[in-house]
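The values are calculated or read from the model by the stated rules, or taken from the named source; none is laboratory data. Since the structure is predicted, the reported quantities are computational estimates derived from the model, not experimental observations. Every residue, glycine among them, receives a Cβ derived from its backbone with ideal geometry; neighbour counts consider all protein chains shown.
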Amino acid sequence: MIQLNLTNPIAFFDLETTGVNVASDRIVEISILKILVDGTKEIKTKRINPTIPIPKQASEIHGIYDKDVVNEPTFKSIAKSLAEFLEGCDFGGYNSNKFDVPVLVEEFMRADVDFEFRNRKLIDVQNIFHKMEQRTLNAAYKFYCGKEIVNAHSAQADIEATYEVFLSQLERYDGKEFEDRKGNKSTPIKNDMQAIHDFSNMNNNADLAGRIIFNDNGVEVFNFGKHSGKLVEKILRDEPSYFDWMMKGDFPLYTKKVLKEIRDRMKEIKNR
(Lines give C-alpha, C1' and ligand atoms only; values in the text may rest on other atoms or scores of the structure.)
Protein backbone atom coordinates (compact mmCIF):
# COMPACT_ATOMS: atom_id res chain seq x y z
CA MET A 1 0.00 0.00 0.00
CA ILE A 2 1.20 3.51 -0.82
CA GLN A 3 3.03 5.46 1.90
CA LEU A 4 1.59 8.95 2.41
CA ASN A 5 3.96 11.83 1.72
CA LEU A 6 3.29 13.91 4.83
CA THR A 7 4.71 17.16 6.11
CA ASN A 8 2.27 17.16 9.05
CA PRO A 9 0.48 14.34 10.84
CA ILE A 10 -2.97 13.69 9.39
CA ALA A 11 -5.99 12.67 11.43
CA PHE A 12 -8.72 10.82 9.56
CA PHE A 13 -11.82 11.02 11.73
CA ASP A 14 -15.49 10.12 11.73
CA LEU A 15 -18.33 11.24 13.97
CA GLU A 16 -21.56 9.61 15.05
CA THR A 17 -24.01 12.28 16.12
CA THR A 18 -27.50 12.99 17.39
CA GLY A 19 -28.49 14.19 13.92
CA VAL A 20 -27.37 16.11 10.86
CA ASN A 21 -27.88 19.71 11.96
CA VAL A 22 -24.39 21.17 12.26
CA ALA A 23 -25.51 23.99 14.53
CA SER A 24 -27.51 22.04 17.10
CA ASP A 25 -26.65 18.34 16.98
CA ARG A 26 -23.94 16.79 19.15
CA ILE A 27 -21.27 14.12 18.93
CA VAL A 28 -21.99 10.72 20.50
CA GLU A 29 -18.87 8.97 19.23
CA ILE A 30 -15.61 10.05 17.64
CA SER A 31 -13.01 7.79 16.05
CA ILE A 32 -9.63 9.14 14.94
CA LEU A 33 -6.94 7.42 12.91
CA LYS A 34 -3.83 9.58 13.37
CA ILE A 35 -0.94 8.96 10.97
CA LEU A 36 2.41 10.49 11.85
CA VAL A 37 4.94 11.73 9.32
CA ASP A 38 6.97 8.49 9.68
CA GLY A 39 3.87 6.39 8.90
CA THR A 40 3.20 5.36 12.49
CA LYS A 41 -0.54 4.99 13.18
CA GLU A 42 -2.53 5.59 16.32
CA ILE A 43 -6.28 5.12 16.63
CA LYS A 44 -8.60 6.44 19.29
CA THR A 45 -12.33 5.84 19.58
CA LYS A 46 -14.44 7.44 22.30
CA ARG A 47 -18.14 7.57 23.06
CA ILE A 48 -19.42 10.89 24.35
CA ASN A 49 -22.43 11.95 26.39
CA PRO A 50 -24.06 14.54 24.11
CA THR A 51 -26.07 16.03 27.04
CA ILE A 52 -29.18 15.94 24.84
CA PRO A 53 -31.41 12.97 23.93
CA ILE A 54 -30.38 10.90 20.93
CA PRO A 55 -33.35 10.69 18.52
CA LYS A 56 -34.55 7.20 17.69
CA GLN A 57 -33.88 7.73 13.99
CA ALA A 58 -30.21 8.50 14.69
CA SER A 59 -29.80 5.57 17.11
CA GLU A 60 -31.23 3.16 14.53
CA ILE A 61 -28.49 4.22 12.11
CA HIS A 62 -25.41 4.13 14.35
CA GLY A 63 -26.66 1.80 17.10
CA ILE A 64 -25.86 4.16 19.98
CA TYR A 65 -28.69 4.85 22.43
CA ASP A 66 -29.02 7.17 25.42
CA LYS A 67 -28.28 4.31 27.82
CA ASP A 68 -24.98 3.64 26.04
CA VAL A 69 -23.58 7.12 26.71
CA VAL A 70 -25.18 8.13 30.01
CA ASN A 71 -21.95 7.39 31.91
CA GLU A 72 -19.56 8.62 29.22
CA PRO A 73 -17.72 11.95 29.47
CA THR A 74 -19.12 15.07 27.86
CA PHE A 75 -17.26 16.67 24.97
CA LYS A 76 -16.42 19.64 27.18
CA SER A 77 -14.61 17.36 29.63
CA ILE A 78 -12.36 15.85 26.93
CA ALA A 79 -12.03 18.88 24.65
CA LYS A 80 -8.61 20.04 25.88
CA SER A 81 -7.00 16.59 25.73
CA LEU A 82 -8.55 15.99 22.30
CA ALA A 83 -7.19 19.32 21.05
CA GLU A 84 -3.73 18.32 22.30
CA PHE A 85 -3.97 14.96 20.49
CA LEU A 86 -4.91 16.76 17.26
CA GLU A 87 -2.37 19.55 17.60
CA GLY A 88 -0.49 20.13 14.34
CA CYS A 89 -2.62 17.66 12.40
CA ASP A 90 -4.21 18.04 9.02
CA PHE A 91 -7.61 16.33 8.70
CA GLY A 92 -9.26 13.75 6.48
CA GLY A 93 -12.63 12.04 6.31
CA TYR A 94 -15.60 11.10 4.15
CA ASN A 95 -17.97 14.04 3.61
CA SER A 96 -15.89 15.62 6.37
CA ASN A 97 -15.63 19.13 4.92
CA LYS A 98 -19.42 19.44 4.80
CA PHE A 99 -20.28 17.73 8.07
CA ASP A 100 -17.65 16.27 10.40
CA VAL A 101 -15.27 19.25 10.48
CA PRO A 102 -18.04 21.85 11.04
CA VAL A 103 -19.60 19.73 13.81
CA LEU A 104 -16.24 19.28 15.54
CA VAL A 105 -15.62 23.03 15.33
CA GLU A 106 -19.02 23.70 16.94
CA GLU A 107 -18.23 21.31 19.79
CA PHE A 108 -14.84 22.92 20.47
CA MET A 109 -16.45 26.36 20.48
CA ARG A 110 -19.17 25.26 22.91
CA ALA A 111 -16.41 23.90 25.15
CA ASP A 112 -14.53 27.25 24.96
CA VAL A 113 -11.48 25.56 23.46
CA ASP A 114 -9.74 27.65 20.82
CA PHE A 115 -8.95 25.07 18.14
CA GLU A 116 -8.21 26.71 14.80
CA PHE A 117 -8.97 24.80 11.58
CA ARG A 118 -8.22 27.51 9.04
CA ASN A 119 -4.54 26.65 8.61
CA ARG A 120 -5.08 22.88 8.36
CA LYS A 121 -5.19 20.88 5.16
CA LEU A 122 -8.62 19.25 4.84
CA ILE A 123 -8.86 16.05 2.77
CA ASP A 124 -12.41 15.00 1.88
CA VAL A 125 -12.39 11.53 0.32
CA GLN A 126 -16.01 11.86 -0.83
CA ASN A 127 -15.22 14.99 -2.85
CA ILE A 128 -12.33 13.20 -4.55
CA PHE A 129 -14.67 10.29 -5.35
CA HIS A 130 -17.38 12.52 -6.79
CA LYS A 131 -14.96 14.61 -8.85
CA MET A 132 -13.01 11.68 -10.27
CA GLU A 133 -16.07 9.46 -10.84
CA GLN A 134 -18.36 12.12 -12.20
CA ARG A 135 -22.09 11.69 -11.84
CA THR A 136 -23.05 13.47 -15.07
CA LEU A 137 -25.25 11.88 -17.72
CA ASN A 138 -22.27 11.80 -20.10
CA ALA A 139 -20.21 9.89 -17.53
CA ALA A 140 -23.08 7.48 -16.79
CA TYR A 141 -23.65 6.84 -20.51
CA LYS A 142 -20.00 6.07 -21.07
CA PHE A 143 -19.80 3.86 -17.96
CA TYR A 144 -22.98 1.83 -18.53
CA CYS A 145 -23.26 1.86 -22.32
CA GLY A 146 -19.66 2.34 -23.42
CA LYS A 147 -20.59 5.17 -25.79
CA GLU A 148 -20.39 8.93 -26.07
CA ILE A 149 -23.62 10.95 -26.42
CA VAL A 150 -23.95 12.39 -29.90
CA ASN A 151 -25.33 15.95 -29.75
CA ALA A 152 -25.12 16.00 -25.93
CA HIS A 153 -27.25 18.54 -24.07
CA SER A 154 -30.01 18.49 -26.63
CA ALA A 155 -33.17 17.33 -24.87
CA GLN A 156 -33.84 14.41 -27.23
CA ALA A 157 -30.28 13.06 -27.18
CA ASP A 158 -30.10 13.35 -23.39
CA ILE A 159 -33.40 11.59 -22.74
CA GLU A 160 -32.60 8.78 -25.19
CA ALA A 161 -29.25 8.31 -23.43
CA THR A 162 -31.00 8.33 -20.04
CA TYR A 163 -33.33 5.56 -21.21
CA GLU A 164 -30.38 3.47 -22.46
CA VAL A 165 -28.57 3.98 -19.14
CA PHE A 166 -31.65 2.81 -17.25
CA LEU A 167 -31.95 -0.35 -19.35
CA SER A 168 -28.26 -1.05 -18.81
CA GLN A 169 -28.68 -0.56 -15.05
CA LEU A 170 -31.51 -3.08 -14.96
CA GLU A 171 -29.30 -5.64 -16.71
CA ARG A 172 -26.14 -4.91 -14.72
CA TYR A 173 -27.70 -4.90 -11.23
CA ASP A 174 -30.46 -7.49 -11.63
CA GLY A 175 -30.15 -9.81 -8.62
CA LYS A 176 -27.20 -7.85 -7.16
CA GLU A 177 -27.29 -7.58 -3.36
CA PHE A 178 -27.47 -4.12 -1.78
CA GLU A 179 -26.82 -3.31 1.89
CA ASP A 180 -28.23 -0.07 3.30
CA ARG A 181 -26.78 2.03 6.13
CA LYS A 182 -28.69 0.03 8.73
CA GLY A 183 -27.20 -3.25 7.51
CA ASN A 184 -30.41 -4.39 5.82
CA LYS A 185 -29.72 -6.47 2.71
CA SER A 186 -31.94 -6.74 -0.34
CA THR A 187 -31.88 -7.19 -4.10
CA PRO A 188 -33.76 -4.01 -5.05
CA ILE A 189 -33.02 -3.77 -8.79
CA LYS A 190 -35.60 -5.67 -10.77
CA ASN A 191 -37.79 -5.04 -13.76
CA ASP A 192 -40.56 -3.70 -11.54
CA MET A 193 -41.27 0.03 -11.54
CA GLN A 194 -42.58 0.16 -7.96
CA ALA A 195 -39.40 -1.50 -6.70
CA ILE A 196 -37.26 0.87 -8.78
CA HIS A 197 -39.26 3.86 -7.52
CA ASP A 198 -38.73 2.82 -3.91
CA PHE A 199 -34.99 2.32 -4.39
CA SER A 200 -34.24 5.42 -6.48
CA ASN A 201 -35.77 7.84 -3.99
CA MET A 202 -33.14 8.97 -1.46
CA ASN A 203 -35.73 10.19 1.03
CA ASN A 204 -39.38 9.33 1.48
CA ASN A 205 -40.46 12.84 0.55
CA ALA A 206 -43.82 14.27 1.49
CA ASP A 207 -43.13 17.20 -0.81
CA LEU A 208 -41.04 17.14 -3.97
CA ALA A 209 -38.17 19.26 -2.66
CA GLY A 210 -37.54 17.12 0.42
CA ARG A 211 -38.22 19.91 2.92
CA ILE A 212 -40.83 17.63 4.50
CA ILE A 213 -40.28 13.86 4.59
CA PHE A 214 -41.94 10.83 6.14
CA ASN A 215 -40.13 9.26 9.09
CA ASP A 216 -39.90 5.51 9.69
CA ASN A 217 -43.43 5.57 11.12
CA GLY A 218 -44.87 7.24 8.02
CA VAL A 219 -45.39 10.59 9.77
CA GLU A 220 -44.33 13.93 8.28
CA VAL A 221 -41.22 15.55 9.77
CA PHE A 222 -39.24 18.62 8.77
CA ASN A 223 -36.02 17.87 6.90
CA PHE A 224 -34.23 21.21 7.25
CA GLY A 225 -33.35 23.95 9.68
CA LYS A 226 -33.79 24.15 13.42
CA HIS A 227 -36.74 21.72 13.44
CA SER A 228 -35.09 19.04 11.31
CA GLY A 229 -36.36 15.60 12.35
CA LYS A 230 -39.26 17.04 14.35
CA LEU A 231 -42.91 16.20 13.67
CA VAL A 232 -44.56 18.80 11.46
CA GLU A 233 -47.84 18.60 13.39
CA LYS A 234 -46.09 19.17 16.72
CA ILE A 235 -44.25 22.25 15.44
CA LEU A 236 -47.44 23.68 13.92
CA ARG A 237 -49.18 23.17 17.27
CA ASP A 238 -46.39 24.47 19.48
CA GLU A 239 -45.12 27.23 17.19
CA PRO A 240 -47.98 28.43 14.94
CA SER A 241 -45.89 31.32 13.61
CA TYR A 242 -43.64 28.79 11.87
CA PHE A 243 -46.43 28.08 9.40
CA ASP A 244 -46.71 31.77 8.48
CA TRP A 245 -42.93 32.06 8.18
CA MET A 246 -42.79 29.18 5.73
CA MET A 247 -45.81 30.33 3.72
CA LYS A 248 -44.20 33.78 3.29
CA GLY A 249 -40.70 32.39 2.78
CA ASP A 250 -38.76 31.33 -0.28
CA PHE A 251 -40.05 27.75 -0.35
CA PRO A 252 -41.45 25.85 -3.35
CA LEU A 253 -45.16 26.25 -3.92
CA TYR A 254 -45.66 22.50 -3.65
CA THR A 255 -43.95 22.46 -0.26
CA LYS A 256 -46.37 25.17 0.88
CA LYS A 257 -49.27 23.15 -0.52
CA VAL A 258 -48.24 20.08 1.49
CA LEU A 259 -47.74 22.18 4.63
CA LYS A 260 -51.21 23.70 4.24
CA GLU A 261 -52.72 20.22 3.72
CA ILE A 262 -51.15 19.07 6.99
CA ARG A 263 -52.50 22.09 8.86
CA ASP A 264 -55.96 21.66 7.32
CA ARG A 265 -55.91 17.99 8.32
CA MET A 266 -55.09 18.98 11.89
CA LYS A 267 -57.97 21.45 11.96
CA GLU A 268 -60.38 18.85 10.59
CA ILE A 269 -59.39 16.31 13.26
CA LYS A 270 -59.68 18.95 15.98
CA ASN A 271 -63.19 19.93 14.86
CA ARG A 272 -64.58 16.39 14.79
| query | If a residue has to be in contact (Cβ under 8 Å) with a residue 24 or more places away in the chain and exposed (fewer than 15 other Cβ atoms within 10 Å of the Cβ) to count, how many in the stretch 138-169 make the cut? | reply | 1
| said: Return the residues of the stretch 52-98 that are more than 16 Å from S31 (Cβ to Cβ) and in contact with a Phe, Trp or Tyr (Cβ under 8 Å, 6 or more places away or on another chain); say none if nothing qualifies. | reply: I54, S59, A79, A83
| query | Scanning the stretch 170-194 for residues that are without any contact (Cβ under 8 Å) to a residue 12 or more places away in the chain and of a type in the set (D, E), which turns out nearest to H62 (Cα to Cα)? | reply | D180
| Odd one out for C145, checked against (1) more than 18 Å from G93 (Cβ to Cβ); (2) at pLDDT below 90 | (2)
